[in-house]
Each structure stands twice: as structure tokens, then as C-alpha cells.
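Structure, as C-alpha cells:
The values are calculated or read from the model by the stated rules, or taken from the named source; none is laboratory data. Everything numeric in this text was worked out from a predicted model, so none of it was measured. Neighbour counts are summed over all protein chains in view; Cβ atoms, including those assigned to glycine, are modelled from backbone coordinates with ideal geometry. Note: areas computed on protein heavy atoms with side chains; ligands, DNA, RNA excluded. Shrake-Rupley method; radii C 1.70, N 1.55, O 1.52, S 1.80 Å.
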Amino acid sequence: MKSTTKTVNIHEAKTHFSKLLAAVAKGQRITICKDGTPVAQLGPLETPIPIRRPGLLKGRVVVADDFDAPLPPEVLASFEGGS
């Protein structure tokens, strides 16, 4: 999909942000200018954000029964700067 570029000023970008995002979702690039100078660009992501799937590691991760037990004194001392 060939992307086209549209240039808008900051006021227009703030006023029509939702419409600009809809255009970006269709592949268009938007350049935002301040006083005629480009300062930012909105564009579609190159790689889609992966969808999180809850439970993906179910049965593969084991949490010990005593995971929240107090640390042994020698380990606790190392966290507190002791030796």
C-alpha cells in the first residue's frame, strides 16, 4: 500500500486528531508543522502490535508455595548493603 503524505498545522492536528488517526489507519502519513516547519509525523506502524493472549503460559510456569516467605538473613543483608 503506497502511503500519501498530508501536511497540517498544530491547531488542525489538535482539532481533527480522530480524523487524522483514521487516515493514518488507512496508510496515510500526516506531517504536523509549527509555523510552517515540520515538527512531527504520524504514520502507520510498520509491524503490528502483537495481541496479548491471557493464559498463554498456563501450566508452564510454576510458583513455589513459599514464594512470599521472608528471605534468609544472609540474602536480606546483601540487599541492605551488608555482607
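Of note:
- Interchain or long-range residues, amide H under 5 Å from Lys6's placed H: Arg29, Ile30, Thr31
- Normalised per residue, the accessible area of the chain is 90 Å², obtained with a 1.4 Å probe and no contribution from ligands, DNA or RNA.
- For Pro72, neighbours were defined as the other residues whose beta-carbon sits under 15 Å from its Cβ, and their charges (Lys and Arg +1, Asp and Glu -1) total -4.
- Placing a pseudo-label 7 Å from each Cα along the Cα-to-Cβ vector at Glu12 and Val75 gives an inter-label distance of 6.0 nm.
- In the chain, the portion of solvent-accessible area held by carbon and sulfur atoms comes to 59 percent [1.4 Å probe, whole percent, DNA, RNA and ligands not counted].
- The count of lysine pairs in the chain whose Cα atoms are under 28 Å apart, excluding pairs fewer than 8 places apart on the same chain, comes to 12.
- Evaluated at q = 0.14, 0.15, 0.19, 0.26 Å⁻¹, the base-10 log of the normalised Debye intensity for the chain, with identical point scatterers placed on the Cα atoms, takes the values -0.64, -0.67, -0.92, -1.15.
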